[in-house]
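This report concerns only the one structure given below.
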Amino acid sequence: MSTLAHVFEAAGIATVALGSIRKQIESTAPPRGLWCDFPLGRPLGKPGDPEFQHRVLEAAFALLDSPEPIVTEFGESIAADEEADEMVSCPLPPRHDPDAHPAVDEARGLRAAYDRGVEMTGGRIAAGRVVEADDIPAAIEAFIRIAEGTSWNEAGIPGLPMRASQDIRGYYETAMVAMVDHAPPAWAGTRWFLDATEAGKVLMAARKAMQEQDAPQPMWFYLTPGDR
Amino acid sequence: MADSDIKRLTEDLPPPEFETTAFTTPPPLSEATVAIVTTASLHHPDQDDFAPADTTYRVLDGERRDYVIGHWSPNFDSSGFAYDMNTVFPLDRLDELAERGVIGRVASQHMAYAGNQFDLSAMKMDSGPAGAEWLRQQGVDVVLLTPV
């Protein structure tokens, strides 16, 4: 992002860059940069809090008054790690089809919540990159096959594994947004997906199996956030 | 899930190198046209998704609100953007600032690139300057850059 800041300024356009990683915004040194100690993915800090977002923008645009390049920090922090310890309480559907794998049954059972989530969010993070919502259960079945021993490149994953996993995660997190009645804490939806759902467990098991199969590192590593 | 652990994965990536820091003095904010350029790989559903290592940009219509995220990295929270697009793309907030007269005008169109690039040469030499030229043609004075 700082590259764009330098290029745009050279073309005669003033820029203000928000950054969530302190060392990164300091080392890349955009002409005007505001480090905000916020969780990754939330550069304006707090979803659903216009007043907070306006405070961030006020601090950012104030940098335009500087007569020289400046990188500084926003005065309020959001304790991302502590916030990430918060869990969301999302009811998982009861078993419906005893013949289906629990993860497949679960995904089918979440479809109504997913559809409500799409309605609420405009589908901003929904499925549809390489796997449409109707095909999420089949995509999960492909990862089940990997977890159970099928070679990763013979399991029938639709598209690149990392992109298919994003669709599954997006399907679940969209359903999560519909099931909580407030702005979800940062990472809480991801924690819920990976730690509490059957599909998340399948994805983690498939990731481990792909690593043991000596799949190329990007193919398995990016199935989940990098701290996993 | 530790946000700080994930930040540590990327904080030491080598920075882009520029011999000097370009610096443009804008008109007063109350007279300026402001656009958002995000590196969150946003696009409209009817536009092409971003490919891996895609250095091109998408033009985002400020009159629409159907923005979807096409980023390839799993290393950020996306639920905040799902719940409230302004968490990443604060277009409603800019509209409010324009109504109050704090900023002159909100650009009618905005832009999205894909962040998390390992090879920045194309963005530095090609799509970045092309985007800047496009912004200049729209009369943009100030760009707010937002990551994920």
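The values are calculated or read from the model by the stated rules, or taken from the named source; none is laboratory data. Since the structure is predicted, the reported quantities are computational estimates derived from the model, not experimental observations. Cβ coordinates were reconstructed from backbone atoms using ideal geometry, including for glycine residues, and neighbour counts include every protein chain displayed.
Testing A:LEU160 on (1) over 23 Å from B:TYR83 (Cα atoms); (2) buried (at least 24 other Cβ atoms within 10 Å of the Cβ); (3) within 14 Å of chain B (Cβ to nearest Cβ), one condition comes back false. Which one is that?
(2)
Looking at the range A:202-220, can you tell me whether even one residue there is at the interface with chain B (Cβ under 7 Å from one of its Cβ atoms) and not small (Gly, Ala, Ser)? Walk me through how you get there before you give the answer.
Going through the range A:202-220, the residues at the interface with chain B (Cβ under 7 Å from one of its Cβ atoms) turn out to be none.
Looking for residues that are at the interface with chain B (Cβ under 7 Å from one of its Cβ atoms) and not small (Gly, Ala, Ser), one finds none in the range A:202-220, hence no.
Can you list residue pairs whose Cβ atoms sit under 7 Å apart, with the first residue in the range A:176-188 being assigned by TED's automatic domain parsing to the domain that holds A:GLU106 and the second being aromatic (Phe, Trp, Tyr)? Count only pairs 6 or more apart in sequence or on different chains.
Note: pairs meeting the criteria are A:MET176/A:TRP192; A:VAL177/B:TYR83; A:ALA183/B:TYR83; A:PRO184/B:TYR83.
Of the conditions (1) buried (at least 21 other Cβ atoms within 10 Å of the Cβ); (2) in a loop (DSSP other than H, G, I, E, B), B:ARG64 fails just one. Which one is it?
Status for B:ARG64: all satisfied but (1).
When B:ASP141 is evaluated against the numbered criteria (1) under 17 Å from B:LEU42 (Cβ atoms); (2) within 9 Å of chain A (Cβ to nearest Cβ); (3) in contact (Cβ under 8 Å) with a residue 12 or more places away in the chain, which criterion, by number, is the only one it fails?
Going through (1) under 17 Å from B:LEU42 (Cβ atoms); (2) within 9 Å of chain A (Cβ to nearest Cβ); (3) in contact (Cβ under 8 Å) with a residue 12 or more places away in the chain one by one, B:ASP141 breaks only (1).
I'd like the full set of residues that are surrounded by fewer than 19 Cβ atoms within 10 Å (Cβ to Cβ) and within 11 Å of chain A (Cβ to nearest Cβ), limited to the range B:106-116.
B:ASN116
With respect to A:ALA79, determine if the residue is buried (at least 16 other Cβ atoms within 10 Å of the Cβ) and either without any contact (Cβ under 8 Å) to a residue 12 or more places away in the chain or away from chain B (no Cβ under 11 Å) (or both).
Details: buried (at least 16 other Cβ atoms within 10 Å of the Cβ): no; either without any contact (Cβ under 8 Å) to a residue 12 or more places away in the chain or away from chain B (no Cβ under 11 Å) (or both): yes.
No; evaluated as a whole, the condition is false for this residue.
Kindly provide the set of residues from the range B:11-68 that are among the acidic types (Asp, Glu), farther than 24 Å from A:ARG22 by Cα and more than 9 Å from every other protein chain (Cβ to nearest Cβ), ordered by number.
Listed by number, the residues that qualify are B:GLU31, B:ASP46, B:ASP48, B:ASP54, B:ASP61, B:GLU63.
Could you say which residue among B:THR33, B:THR87, B:THR24 is in contact with a Gly (Cβ under 7 Å, 6 or more places away or on another chain), over 21 Å from A:GLY170 (Cα atoms) and without any contact (Cβ under 8 Å) to a residue 40 or more places away in the chain?
B:THR24
Within 20 Å of B:TYR113 (Cβ to Cβ) and in a strand (DSSP E or B): does that describe B:ALA35?
yes
Does the range B:78-92 include one or more residues that are under 16 Å from the mean Cα position of the chain (by Cα), within 8 Å of chain A (Cβ to nearest Cβ), of a type in the set (Asp, Glu) and surrounded by fewer than 22 Cβ atoms within 10 Å (Cβ to Cβ)?
Within the range B:78-92, one or more residues are under 16 Å from the mean Cα position of the chain (by Cα), within 8 Å of chain A (Cβ to nearest Cβ), of a type in the set (Asp, Glu) and surrounded by fewer than 22 Cβ atoms within 10 Å (Cβ to Cβ).
Checking the conditions here, which among A:LEU64, A:LEU44, A:LEU34, A:LEU92 is in contact with a Lys or Arg (Cβ under 9 Å, 6 or more places away or on another chain) and either more than 9 Å from chain B (Cβ to nearest Cβ) or closer than 25 Å to A:ALA126 by Cβ (or both)?
One residue alone meets the criteria, A:LEU44.
Among the helices (runs of 4 or more DSSP H) lying completely within the range A:9-84, list those that include at least 2 residues that are in contact with a Leu (Cβ under 6 Å, 6 or more places away or on another chain) and of a type outside the set (D, E, K, R).
On the way: elements: A:22-28, A:50-62, A:80-84.
Counting at least 2 such residues, we get A:50-62.
Here is a yes/no grid of residues against (1) in contact with a helix residue (DSSP H, G or I) (Cβ under 6 Å, 6 or more places away or on another chain); (2) hydrophobic (A, V, I, L, M, F, W, C); (3) free of Cβ contacts under 8 Å to residues at least 12 places away in the same chain:
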{"residue": "B:GLU63", "(1), (2), (3)": "no, no, no"}
{"residue": "B:GLY70", "(1), (2), (3)": "no, no, no"}
{"residue": "B:PHE76", "(1), (2), (3)": "no, yes, no"}
{"residue": "B:SER79", "(1), (2), (3)": "yes, no, yes"}
{"residue": "B:ASP92", "(1), (2), (3)": "yes, no, yes"}
{"residue": "B:VAL106", "(1), (2), (3)": "yes, yes, no"}
{"residue": "B:ALA122", "(1), (2), (3)": "no, yes, no"}
{"residue": "B:TRP134", "(1), (2), (3)": "no, yes, no"}
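Of the residues B:VAL102, B:VAL148, only one is touching a helix residue (DSSP H, G or I) at 6+ places or on another chain (Cβ under 9 Å), part of a loop (DSSP other than H, G, I, E, B) and under 17 Å from A:GLY19 (Cα atoms); which?
That would be B:VAL148, the only listed residue that is touching a helix residue (DSSP H, G or I) at 6+ places or on another chain (Cβ under 9 Å), part of a loop (DSSP other than H, G, I, E, B) and under 17 Å from A:GLY19 (Cα atoms).
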